[in-house]
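Beneath this line is the structure, given in structure tokens, with notes to follow.
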Amino acid sequence: MSADPLSGEALLRLRAEFPALEQSVYLVSHSLGAMPRATLTHLQEYTRLWVERGILAWEEWLPEIDRAAERIARIIGAPPGTVIMATNVSQVQAIVASCLEYRPERRRVVYTELNFPSVSYVWKAEERRGAEVVLVPSDDGIGVPTERLLAAIDERTVIVPISHVLFRSSYVQDVAAIVRRAHEVGALVLLDAYQSVGTLPLDVTALGVDMVCGGSVKWLCGGPGAAYLYVRPDLVRRLEPRVTGWFGHRRPFDFAMPAQQYADGIWRYLGGTPAVAALYQARAGAEIIASVGVEAIRRKSLRQTRRILERCRERGYRIRSPLQDERRGGTVVFDLPRAEQIAQELNRRRFLCDHRPGAGLRVSPHLYTTDEEIEQFMDEVDRLAAS
Ligand SMILES: Cc1ncc(COP(=O)(O)O)c(C=O)c1O
């Protein structure tokens, strides 16, 4: 009997597509997803085009920008023409920030102290242009009460650049409530979905969120350099990024001087020449994730993260992730004495995970993780903790 296409068993058949799984117990996809075998072929295709076709390679390279965006759009439920590629999330934040004006009565940028720091660096720098950052505190370092965040968003708020899933704890923020509140007071929401897309279902259209960004390094198994920005269809033409370049021009090959004339569509958010190789590199991962669907990945992930939590409770390790399924992303964070050294030793022994100061070990099953690997990993942690 063939397995249900969405079962955990069906996902595990894809293990053969990820050579790294033969070398290691791979529980670090929140940081760097395993490379699909097909990535080698796609990068070869990129270089072959260059070698064989020279300048004519652009005939294939250029459409790859939209093809890469369409692959992301399919995963996040975005309509055609609403996603554009970029190099990294920090760059996307800067592009979005450069679309905004800060007026005395509306200049607040509201996010929590558990945001990804790089994102915060961009918005703090906007204070030089008149923005005022409002940092909403956390009591426990795991999450921020939604009510507290909502209360900080008011008519003085320009934008709420927040994470969907917090990198430090894997806490899932209540995006629907945040979007509702922001829209009530006329503010925008820029959702950083780096730690959700690929492991937690996200439908940007259903959420009505204004902008979403993320990248391919982690759950999308696409390596560095292929980040993306989604802009709500009715908003695409309303914004004009000051951080710009000739690929954002309505007719780049006119080489018109001196000022930018923005493209009508989503390409207006593209700056200079994009890093095309990264788009070829990111293709296989996005295709695999889209083909199995994030719902199936989530079902298996929840079962496996529950098992990790159970093992942590048995051993008395300090859990730093939410216990409720609906509040927890694809990662479990837990702490124990000498956690940083233990993480180093685990990696040396090819049990791949990582450590974050003030948080602990971050451990993530992905579509390719077996139940046996979870048990082996936790056994190894126990051995090292006892040694
Ligand atoms: C939530 C989140 N945002 C952003 C990033 C990375 O940002 P960038 O693409 O600018 O390196 C990470 C991880 O590295 C992350 O976990």
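Observations, loosely collected:
- Point-to-point label distance, GLU340-ARG180, nm (Cα→Cβ direction, 7 Å offset): 4.2 nm
- Antiparallel content of DSSP bridges confined to region 43-289, in %, to 5: 40 percent
- Peptides 81-89, 231-239, 30-38 ranked from most to least packed give 81-89, 30-38, 231-239, packing being the mean of other C-beta atoms within 10 angstrom over each peptide's residues.
- Local net charge near ALA68, Cβ-Cβ under 12 Å (Lys/Arg +1, Asp/Glu -1): 0
- Fully extending the segment from ARG383 to ARG307, taken as 0.36 nm per residue of separation minus the present Cα-Cα distance, adds 25.6 nm.
- Zone residues, region 73-108, relative to GLN260, backbone N less than 12 Å from point 7 Å out along Cα-to-Cβ: 94-100
- Taking label positions 7 Å along the Cα-Cβ direction at both ARG48 and GLU240, the computed distance is 4.5 nm, reported to one decimal.
- Within the chain, the whole DSSP H helices whose Cα atoms reach 15 Å or more along their own axis and whose mean Kyte-Doolittle score is at least -0.5 are 58-76.
- GNM remark for the chain: springs join alpha carbons under 10 Å apart, and the peak mean-square fluctuation among ARG180, ARG318, ARG251 falls on ARG251.
- Relative contact order %, region 78-169, counting alpha carbon pairs below 8 Å whose residues are six or more apart: 34 percent
- Candidates GLU373, GLU310, GLU240, ranked by Gaussian network fluctuation over the chain, Cα under 10 Å, top entry: GLU310
- As a calculated quantity, the FRET efficiency between GLN376 and SER118 at R0 = 41 Å, using C-beta atoms, amounts to about 0.80.
- What separates the Cα centres of region 223-258 and region 1-64 is a distance of 28 Å.
- If the segment from LEU14 to THR41 were pulled out straight at 0.36 nm per residue, it would be longer than the present Cα-Cα gap by 8.0 nm.
- Springs between Cα atoms under 10 Å define the GNM used for the chain, and in it the highest mean-square fluctuation of ALA151, ALA78, ALA263 occurs at ALA151.
- The chain shape via C-alpha gyration tensor axes, a/c threshold 1.5: oblate
- Spatially, region 278-307 and region 105-132 are offset by 31 Å when compared through their Cα centroids.
- Label sites at LEU323 and THR87, each approximated as a point 7 angstrom past Cα along Cα to Cβ, lie 4.5 nm apart.
Read-outs throughout are calculated quantities, based only on the coordinates presented, and are distinct from any laboratory measurement. Fair warning: this is a prediction, and the values are worked out from it, not measured in the lab. In this analysis, Cβ positions are derived from the backbone assuming ideal geometry, glycine residues included, and neighbour counts consider all displayed protein chains.
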